[in-house]
Structure formats: C-alpha cells, structure tokens
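Following: one structure in structure tokens, then a few remarks.
The values are calculated or read from the model by the stated rules, or taken from the named source; none is laboratory data. Fair warning: this is a prediction, and the values are worked out from it, not measured in the lab. With ideal geometry, Cβ positions are generated from the backbone for all residues, glycine too; neighbour counts draw on all protein chains shown.
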Amino acid sequence: MVALAGPRHTAAMLLPLPNLAATEALAARVAALARAGDAILLSGPLGAGKSAFARAFLRAASGDPALEVPSPSYTLVQSYDTARFRAHHFDLWRLDGPGALVELGWDDSRADVVLVEWPDRLGELRPDDALSIAFAHGAGDARIATVAGWPDRIGALA
Ligand SMILES: Nc1ncnc2c1ncn2[C@@H]1O[C@H](COP(=O)(O)OP(=O)(O)OP(=O)(O)O)[C@@H](O)[C@H]1O
Ligand SMILES: [Mg+2]
C-alpha cells in the first residue's frame with residue numbers, strides 16, 4: 001500500500017491487484033463496509049475490471065456466489081436486493097446527458113447503494129462523499145486500484 005496526499009487532506013491508496021481473485025477480494029471488503037446511501041464510483045479504461053468488481057461486490061453483498069450480474073451497458077442500470085441494502089449497478093458509457101440519469105431514477109437510487117461505471121458522466125451529480133476506485137492496467141492480469149474517499153472506512157480496505 002502506498003499512501004498519497006490527496007485533495008482536502010483525504011488520503012488515497014494504491015492497491016496492487018495481481019489477478020482477478022484480488023479484485024474480487026477487494027470488492028468483498030468494500031461490500032462488507034457498504035451501507036445504504038453509499039456511492040461507489042468505478043473508473044478506468046475498457047477491460048480494466050470495473051464490471052468484474054461490481055459483479056464480485058454484488059455477489060458478496062447478496063451472499064450468492066452464483067448471482068447473475070448482467071452488464072448494464074444497454075439498460076444503463078440493474079438493481080439488486082441484498083440482505084443489508086438495495087444496490088443499483090449503473091454503466092453510464094452510453095448515457096445521454098444528466099437529464100437521462102434523472103429519468104433512470106438516480107435521485108431515488110441514492111437512498112440505496114449505487115455502483116457506477118464511467119462516473120465522469122455524472123457531471124455535477126457526482127456525489128462528493130463517494131468511494132472512488134480507479135482501475136489501471138498492469139502487466140497481464142495485474143491491475144492497480146487507486147482508492148479514495150470514505151475517510152472513516154478506507155483504512156479497512158488496505
Ligand atoms: N486483476 C483483475 N481484475 C479485474 N479483472 C481482471 C483481472 N485480471 C483479469 N481480468 C479480466 O479482465 C476483464 C475485465 O473486464 P470488465 O468487463 O470487468 O472491465 P470493465 O472495466 O468493466 O470494462 P468496460 O469499460 O468495457 O465495461 C475480465 O475478463 C476479467 O476476467
Ligand atoms: Mg464494464
């Protein structure tokens with residue numbers, strides 16, 4: 001783990017994710033800490049592991065390792081009931097402006113847990129209390145996650 005000084009004195013962490021299992025383990029740790037009202041923003045290029053993280057998060061939160069987690073690329077959002085919270089998995093790659101996000105039920109979704117791929121599309125609707133995870137490609141299956149936010153909880157993610 002490498003601690004970085006970030007804006008507003010919030011720390012960011014670099015977490016090496018050498019393989020898919022490491023990404024899934026991080027997702028399970030985040031799921032264990034998540035609660036209603038949380039926003040989890042997943043950024044990074046195509047194939048970086050945003051959907052893999054979301055799938056593992058939703059499987060861990062639901063306690064069902066076989067839970068079907070279809071890509072929301074076309075529907076833009078898929079919703080799930082878990083024991084502790086309702087969660088909404090957004091993929092905003094094809095979002096047609098912030099107005100379209102409101103039509104998808106964004107405001108009501110914020111009472112639950114939101115997982116957002118392509119969070120840059122949120123514009124001014126981007127929650128400032130979110131957990132942000134930026135995935136970057138390493139060699140082969142390796143990924144590097146830059147994790148920021150959740151100042152009271154981020155320490156449990158190292
Ligand atoms: N360390 C790793 N973490 C996450 N995914 C990994 C890792 N190693 C290999 N993979 C593989 O990389 C792919 C990541 O695809 P995924 O759909 O999660 O990316 P994405 O960031 O959601 O891309 P898109 O922008 O197209 O939605 C999957 O096939 C996954 O199995
Ligand atoms: Mg994806």
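What to note about this one:
- Those residues of the stretch 54-64 which are surrounded by 20 or more Cβ atoms within 10 Å (Cβ to Cβ) and either in a loop (DSSP other than H, G, I, E, B) or within 13 Å of ligand 1 (Cβ to nearest atom) (or both), in sequence order: A54, R55, A56, F57, L58
- Residue in the stretch 94-101 that is part of a loop (DSSP other than H, G, I, E, B), at pLDDT below 95 and away from ligand 2 (no atom under 16 Å from the Cβ) present: yes
- Comparison of A111, A145, A158 shows that the only residue that is modelled with pLDDT of 95 or more and closer than 21 Å to T23 by Cβ is A145.
- Every listed requirement among (1) assigned to a loop (DSSP other than H, G, I, E, B); (2) in contact with a helix residue (DSSP H, G or I) (Cβ under 9 Å, 6 or more places away or on another chain); (3) within 24 Å of L15 (Cα to Cα); (4) among the hydrophobic types (A, V, I, L, M, F, W, C) is met by L67 save one, (3).
- Single match in G37, G47 (criterion: assigned to a loop (DSSP other than H, G, I, E, B) and within 13 Å of ligand 2 (Cβ to nearest atom)): G47
- Index of the failed condition, D107 passing every other in (1) surrounded by fewer than 17 Cβ atoms within 10 Å (Cβ to Cβ); (2) part of a loop (DSSP other than H, G, I, E, B): (2)
- Yes/no for A21 being in contact with a strand residue (DSSP E or B) (Cβ under 8 Å, 6 or more places away or on another chain) and either modelled with pLDDT of 95 or more or within 18 Å of A130 (Cβ to Cβ) (or both): no
- Output for the stretch 65-84, where each listed residue is surrounded by fewer than 18 Cβ atoms within 10 Å (Cβ to Cβ) and over 22 Å from G44 (Cβ atoms): P65, A66, L67, E68, S79, D81, A83, R84
- Residue within the stretch 141-151 that is within 16 Å of ligand 2 (Cβ to nearest atom) and closer than 14 Å to L14 by Cβ present: yes
- Enumeration of residues in the stretch 47-105 that are among the charged types (D, E, K, R) and in contact (Cβ under 8 Å) with a residue 60 or more places away in the chain: K50
- Residues in the stretch 110-135 that are more than 16 Å from ligand 2 (Cβ to nearest atom) and surrounded by fewer than 17 Cβ atoms within 10 Å (Cβ to Cβ): R110, A111, G123, E124, L125, R126, D128, D129.
- Considering only residues in the stretch 50-81 that are within 12 Å of ligand 2 (Cβ to nearest atom) and of a type in the set (K, R), the one that is farthest from V113 (Cα to Cα) turns out to be K50.
- Residue count for the stretch 26-53 satisfying the condition of being among the hydrophobic types (A, V, I, L, M, F, W, C), buried (at least 19 other Cβ atoms within 10 Å of the Cβ) and within 16 Å of ligand 1 (Cβ to nearest atom): 10.
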